[in-house]
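S.K.: Could you have a look at this structure, given as structure tokens, before my questions?
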Amino acid sequence: MNFKNRFVVKVVGESGQGVNSIGEVLAKALKDNGLYIFGYREYPSLIKGGDASYQIDIDNIEIKSSSSHCDVLMCLSRSSFKKYLRSVRENGSIINSVVSLLLTPEEESFVKENKINIEFIPAKDIAIELGGKRIMSNTIMLGAIWQIFGLEIRKMEDNIREIFSKKPDVVDINLKCLNAGFNYDLSKLIRPKLEIRQTENFKDDLLLTGNHAISLGAIAAGVRVFYSYPMTPSSSILTYLSSVYHETGMIVKQIEDEISVANMAIGSMHMGARTLIATSGGGFDLMTEAVSLTGITETPFVCVLAQRPGPGTGLPTWTAASDLNLAIYSGHGEYAKCVIAAHDIASCYTVTQQAFNIAEKYQIPVIILTEKQIAESIFQVDRMPQDIPIERHILEGEELEKITSLDRYKNTESGVSPRWLPGSCDAVFDANSDEHLSDGSLTEDAVPAKEMYEKRIRKEEYLLKDLPEPEIFGSEDPDISFVGWGSVKNTMLDVMNILNEREKKKVAYLHYEYIYPLRTEVFQSYAKNAKKLVLIENNATGQLGNLITSKTGVLFKNKLLKFDGRAFFLEDIIEYIESEE
Amino acid sequence: MACINCNSTTSPTMKDFQSKNIFTWCTNCGNYGIHTAIRRALVSKKILACNTLTCFDIGCNGNGSDKIGGYNFHGLHGRAIPLAVGAEMANRNVTVIAFGGDGGTLGEGIGHLVHAVRGNYNITFVLHNNLNYGLTTGQASATTKKSMKMNCSPDGTNSELLHPLKFVLSLESTFVARSFSGDVKHMSKVFEQALDHKGFSFVEILQSCPTYNKETPHEWYMDRVYDVGTIDGYDSSNRELALKTAQDQEEKIAIGVLYQDKNSIPQIDRQMNRNGQMGIKIETEVYEETRQYDISKLLEKFR
């Protein structure tokens, strides 16, 4: 399947061979030359060896998803050739540096049938001939791939100078290698027709991951504490926040386990410090008792749950959206909570800020769901969205004068009681994990116990009114009406752009960003008018669909579910749409 | 932000740390004495109730969370330490004290103890060591003596006993003390020193449990305890000596401050991005720092 303006390059090799470095340099250079990119990484859960890939989808409009197949495969190792050969499109090319690569008869016929051109570059020999080291073969390969785009070498040279600015002695040799690759005869290979943007300021575009956007959103929102225990795909939040902690002054701490992370966050938030924590499914499992504690003590709490496939260790470095149920139903007992699913840079940045406002306004746990596909993929944006004003709802100054201990858990209409910080006034209270009266004093009496239980649940009704309805994209008179959440939106919107060009079926997509508590009004009229309603989720059981059904009675007869550790590729959705009569 | 109701001349009284709630512990429970001693120490150190946060885990001691003045947080079983440590990081102006039983602390919460000691967070931690799980009706804990027959261990537990002080002293701790629930005066003095200490103050209280631990009641401890201050030339800066002195839990039991590192640097002052060592000194408390931050400089690296 070919898409008009999209061109896909995939760099593959062994983990530790420099696949990422080549991908990063290439992505930045393409951005700097006026193209839009989306970077997608696949890698195994190990440090050296195994096959890794860095795929760059290139287009002249903003894109946020990957194709399943590539136009050019750049191959650094034998095993990655074998693994990724079949990801090359018809008429595609393979550039490799694998010495005496032998193809099996099956591989030969695949290459022949699909008219794939294979070019070998003796990169290591060239590097050594030029007086460089074997590792510089990567720079030769970079030059070779740059040749394909027909862009000026000068611009890539600038990037090389920048990368090696701290090692001036290797700049010249790397430039030589780059040019050797750039001038290597690859005239047989098909070149893309790139449409370069005509605007001036594309160099100012940002390349960043979802985890970067969450981190930046947290910084903007005045988060001053970040606790975490490393777990893919959440870890790069910890990596980034610690890398800038001199600039921010934030407390960034790696903690001994997720149970401690969650309880420390509760302690810090209780005292008034905005605190973020992040983990993946397994770590969140450990946190759920603490989530329940925030329910009864009404402590604001914000946790990023970056999803990957389970159960157990599952596919640790791959993607899924299968922990919606875990988030919604986390923690024993019944109490208000909020679950939000981010999907791109703007969403990650904004939702992180909103999460703190919601957590502090309603004094509830807020869980931000992301996926490996969002957390670690490389997005290109021209700017960050506007900041959300901070709302804390903490009593201060004169507001504290008439406060008594009995106000802390006072039963109000909305269920939300006044909150103030320890140390701010003499109206002391007990944040009690046992059922309690309005000053936190323990009670086991039926009447106040029921009253408190209802008060805490009631907050959800008021929260629901505060949350936005899902958003609808695409045709107003669709043939197919999709419903989904998370990274699905990124692929869906790219698909709709492609389909518009093809002028085929009319498609609409309804996206849930604020998932729990669930708003249903917009969905219900969408579903009512749908000719064909399709649930699309990156899990096996249709978790959002089940939630919607339980709240609205609307059943999903058609489901497009993917749960093999991969995100939805363009082809997955287009094939589904086009296979429908 | 300071307490709006207090000024610099306000002095705390024992009454400030009282609660209207009625105690629910057994007659002669060691918890009564521990509570009284903590109150006394706080008053003696002139720490105001509004500037105190006591953190409790689940267990008999935790049932006292609403029976002591000041701000309280009654958290999860075995998790009082991370809760308290998180609170302490946010606001140094509030004195944070955590209480935990031998069950929660040395059972499912033992990892937290280890890492809080390593990190030297500036809290006082009181281990209520009554040698059993009281609130769940007398099961064996990590400190239950091997031969002792307990609920659910009819022939006695067959696991080896965990010695709290030897364990904590082996962890580069900076303040390690022991006292006994039958001596309020001694406990208060130990608590006062723990509150003064800059870092993680670990205080084990040998606590009587009249209901589930008949073997070592108040009288049993009374006959055996002696303060290290009575040892001629006892050097509390000597960890080896402390280890040796703490060893005996059967015949002659040493109490008092067994070990203290007077040069202890608490966790918050070890934060290299805030403590001035890297050129940036942040004087504010973390909780005061929430405001809108401009990220435009940080974005440069992504261009």
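S.K.: Please go through (1) under 30 Å from A:SER67 (Cα atoms); (2) crowded, with 23+ Cβ neighbours inside 10 Å; (3) small (Gly, Ala, Ser) for A:SER475 and return the number of the only condition it doesn't satisfy.
M.R.: The number of the failed condition is (2).
S.K.: Kindly evaluate B:SER188 against the criterion of being of a type in the set (Gly, Ala, Ser), more than 25 Å from B:PRO82 (Cβ to Cβ) and surrounded by fewer than 19 Cβ atoms within 10 Å (Cβ to Cβ).
M.R.: Criteria not met by B:SER188.
S.K.: Just checking, how many residues over the range B:72-92 are farther than 21 Å from B:GLU108 by Cα, more than 7 Å from chain A (Cβ to nearest Cβ) and surrounded by 24 or more Cβ atoms within 10 Å (Cβ to Cβ)?
M.R.: 1
S.K.: Considering each residue of the range B:245-281, count those that are within 11 Å of chain A (Cβ to nearest Cβ) and buried (at least 16 other Cβ atoms within 10 Å of the Cβ), and give that number.
M.R.: 5
S.K.: A follow-up question, please. Any chance you could count how many residues in the range A:58-87 are touching a residue at least 40 places away in the same chain (Cβ under 8 Å), of a type outside the set (Gly, Ala, Ser) and not in a loop (DSSP other than H, G, I, E, B)?
M.R.: So in the range A:58-87, the residues touching a residue at least 40 places away in the same chain (Cβ under 8 Å) come out as A:58-77, A:79-81, A:83-84, A:87.
Filter again for of a type outside the set (Gly, Ala, Ser), leaving A:58-64, A:69-76, A:81, A:83-84.
This time we only want the ones that are not in a loop (DSSP other than H, G, I, E, B), so: A:58-59, A:70-75, A:81, A:83-84.
Looking only at that region, the number is 11.
S.K.: Quick check, is B:ASP232 within 14 Å of chain A (Cβ to nearest Cβ), of a type outside the set (Val, Ile, Thr) and either farther than 26 Å from B:HIS115 by Cα or surrounded by 15 or more Cβ atoms within 10 Å (Cβ to Cβ) (or both)? Don't jump to the end; show me each part of the working.
M.R.: Numbers: within 14 Å of chain A (Cβ to nearest Cβ): no; of a type outside the set (Val, Ile, Thr): yes; either farther than 26 Å from B:HIS115 by Cα or surrounded by 15 or more Cβ atoms within 10 Å (Cβ to Cβ) (or both): yes.
Criteria not met by B:ASP232.
S.K.: Write out, first by first residue and then by second, each pair whose Cβ atoms fall under 6 Å of each other, whose residues are 6+ apart or on separate chains, and whose first residue, in the range A:243-258, is at the interface with chain B (Cβ under 7 Å from one of its Cβ atoms) while the second is in a loop (DSSP other than H, G, I, E, B) and not polar (S, T, N, Q).
M.R.: Sorted first by the residue in the range A:243-258, then by its partner, the pairs are A:GLY249/B:ARG274; A:GLY249/B:ILE282; A:ASP257/A:TYR229.
S.K.: Now a separate question. Could you tell me whether A:ILE160 is more than 15 Å from B:LEU298 (Cα to Cα), assigned to a loop (DSSP other than H, G, I, E, B) and under 29 Å from the mean Cα position of the chain (by Cα)?
M.R.: In short, no.
S.K.: For the range B:208-221, state whether one or more residues are in contact (Cβ under 8 Å) with a residue 40 or more places away in the chain, part of a helix (DSSP H, G or I) and within 14 Å of chain A (Cβ to nearest Cβ).
M.R.: no
S.K.: Of the residues that make up the range A:431-446, is at least one assigned to a helix (DSSP H, G or I) and more than 35 Å from the chain's Cα centre (by Cα)?
M.R.: Checked the range A:431-446: at least one residue is assigned to a helix (DSSP H, G or I) and more than 35 Å from the chain's Cα centre (by Cα).
S.K.: Now for a different question. Say whether the condition of being within 11 Å of another protein chain (Cβ to nearest Cβ), in contact with an Asp or Glu (Cβ under 8 Å, 6 or more places away or on another chain) and of a type in the set (A, V, I, L, M) is met by at least one residue in the range A:295-302.
M.R.: The answer is yes, given that some residue of the range A:295-302 is within 11 Å of another protein chain (Cβ to nearest Cβ), in contact with an Asp or Glu (Cβ under 8 Å, 6 or more places away or on another chain) and of a type in the set (A, V, I, L, M).
S.K.: While we're here: Out of the residues in the range A:1-57 that are of a type in the set (Phe, Trp, Tyr) and outside any strand (DSSP E or B), which is nearest to A:GLU578 (Cα to Cα)?
M.R.: Ranking the candidates gives A:PHE3 first.
S.K.: Then there's this: For the range A:396-407, give me the residue count where each residue is part of a loop (DSSP other than H, G, I, E, B), more than 10 Å from chain B (Cβ to nearest Cβ) and either surrounded by 16 or more Cβ atoms within 10 Å (Cβ to Cβ) or modelled with pLDDT under 95 (or both).
M.R.: Residues of the range A:396-407 part of a loop (DSSP other than H, G, I, E, B): A:396, A:401-404.
Cutting the leftovers down to more than 10 Å from chain B (Cβ to nearest Cβ) gives us A:402, A:404.
With either surrounded by 16 or more Cβ atoms within 10 Å (Cβ to Cβ) or modelled with pLDDT under 95 (or both) added as a condition, the list becomes A:402.
The number of residues fulfilling the criteria is 1.
S.K.: Against the condition part of a helix (DSSP H, G or I) and touching a residue at least 40 places away in the same chain (Cβ under 8 Å), how does B:ALA177 come out, does it pass?
M.R.: no
S.K.: Under 6 Å by Cβ, and 6 or more places apart or on different chains, what pairs join a residue from the range B:277-303 that is within 27 Å of B:VAL94 (Cβ to Cβ) and aromatic (Phe, Trp, Tyr) with one that is at pLDDT 95 or above and assigned to a helix (DSSP H, G or I)?
M.R.: Going by the 6 Å Cβ cut-off, the qualifying pairs are B:TYR287/B:ALA90; B:TYR293/A:ILE219; B:TYR293/A:ALA220.
S.K.: Inside the range A:554-581, can you point out the residues that are of a type in the set (A, V, I, L, M, F, W, C) and more than 21 Å from A:ALA530 (Cβ to Cβ)? If you could, list the steps in order and put the result at the bottom.
M.R.: Going through the range A:554-581, the residues of a type in the set (A, V, I, L, M, F, W, C) turn out to be A:554-556, A:560-561, A:563, A:567-570, A:573-574, A:577.
Result: A:PHE563, A:ALA567, A:PHE569, A:LEU570.
S.K.: Only helices (runs of 4 or more DSSP H) wholly contained in the range A:224-335 count here; list those with 2 or more residues that are buried (at least 24 other Cβ atoms within 10 Å of the Cβ) and over 17 Å from the mean Cα position of the chain (by Cα).
M.R.: Details: elements: A:235-243, A:245-248, A:258-270, A:281-297, A:324-328.
Of the helices (runs of 4 or more DSSP H) lying wholly inside the range A:224-335, those with at least 2 residues that are buried (at least 24 other Cβ atoms within 10 Å of the Cβ) and over 17 Å from the mean Cα position of the chain (by Cα) span A:258-270, A:281-297.
S.K.: Touching a residue at least 24 places away in the same chain (Cβ under 8 Å) and more than 39 Å from the chain's Cα centre (by Cα), is that true of A:ALA449?
M.R.: No, not satisfied.
S.K.: Restricting attention to the range B:107-121, report how many residues are surrounded by fewer than 22 Cβ atoms within 10 Å (Cβ to Cβ) and more than 8 Å from chain A (Cβ to nearest Cβ).
M.R.: Final tally of qualifying residues: 5.
S.K.: Looking only at the range A:197-222, filter to residues that are of a type in the set (Val, Ile, Thr) and within 13 Å of A:TYR349 (Cα to Cα); which one of those is nearest to the other protein chains (Cβ to nearest Cβ)?
M.R.: As a first pass, look at the range A:197-222 and keep what is of a type in the set (Val, Ile, Thr): A:199, A:209, A:214, A:219.
Subsequent filtering for residues that are within 13 Å of A:TYR349 (Cα to Cα) retains A:209, A:214, A:219.
Numbers: A:THR209: 10, A:ILE214: 12, A:ILE219: 5 Å.
Residue satisfying both the conditions and the ranking: A:ILE219.
S.K.: Taking into account only those residues within the range A:99-146 that are part of a loop (DSSP other than H, G, I, E, B) and buried (at least 20 other Cβ atoms within 10 Å of the Cβ), which is modelled with the highest pLDDT?
M.R.: A:ILE121
S.K.: If a residue must be farther than 21 Å from B:SER181 by Cα, touching a helix residue (DSSP H, G or I) at 6+ places or on another chain (Cβ under 9 Å), charged (D, E, K, R) and not in a helix (DSSP H, G or I), how many such residues does the range B:223-242 contain?
M.R.: Residues that pass the stated criteria total 1.
Table: residues versus (1) touching a Pro at 6+ places or on another chain (Cβ under 8 Å); (2) within 14 Å of another protein chain (Cβ to nearest Cβ); (3) surrounded by fewer than 23 Cβ atoms within 10 Å (Cβ to Cβ); (4) within 24 Å of A:LEU395 (Cβ to Cβ).
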| site | (1), (2), (3), (4) |
| --- | --- |
| A:CYS425 | no, yes, no, yes |
| A:PHE429 | no, yes, no, yes |
| A:ASP439 | no, yes, yes, yes |
| A:GLU444 | no, yes, yes, no |
| A:ILE457 | no, no, yes, yes |
| A:LEU463 | yes, no, no, yes |
| A:PRO468 | no, no, yes, no |
| A:GLU471 | no, no, yes, no |
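The values are calculated or read from the model by the stated rules, or taken from the named source; none is laboratory data. Note that this is a predicted model, so its numbers are computed, not measured. In this analysis, Cβ positions are derived from the backbone assuming ideal geometry, glycine residues included, and neighbour counts consider all displayed protein chains.
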